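The values are calculated or read from the model by the stated rules, or taken from the named source; none is laboratory data. As the structure is a prediction and not an experimental result, all values here were calculated from the model. Accessible surface is based on the protein model in full, side chains and every heavy atom, while ligands, DNA and RNA are left aside. Shrake-Rupley method; radii C 1.70, N 1.55, O 1.52, S 1.80 Å.
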Amino acid sequence: MHHLALPFYCAVIVGALMALLARAIYTGSASFVLVALAGIAYFGLHGWNDARRCWPAFRAEMQRRTSRRRAMPADDTH
């Protein structure tokens with residue numbers, strides 16, 4: 001399932017940056033706030049665009065797998 005790997009990584013990075021942003025706001029270190037906001041915007045935008053671009057291929061692969069699973073005969077002999 002390589003189609004949505006990059007958007008997943010971007011979501012993980014955005015989550016880590018949001019934790020950094022919360023910690024920076026809590027401790028009052030304003031120098032990290034701008035860096036965290038810029039990183040959230042960058043990785044959020046690129047993750048969203050890549051997810052929208054790769055979603056049709058992911059959905060088509062899921063449909064192929066489902067149809068392949070339905071085409072297999074049931075094996076009820078134990």
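Okay, residues lined up against (1) on the phi < 0 side of the Ramachandran plot; (2) open to solvent by 90 Å² or more (accessible area, probe 1.4 Å); (3) not polar (S, T, N, Q):
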| position | (1), (2), (3) |
| --- | --- |
| 6 | yes, yes, yes |
| 9 | yes, yes, yes |
| 12 | yes, no, yes |
| 24 | yes, no, yes |
| 36 | yes, no, yes |
| 39 | yes, no, yes |
| 50 | yes, no, yes |
| 58 | yes, no, yes |
| 63 | yes, yes, no |
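So, residue 35, is that one assigned to a helix (DSSP H, G or I) and modelled with pLDDT under 95 or not?
Criteria met by residue 35.
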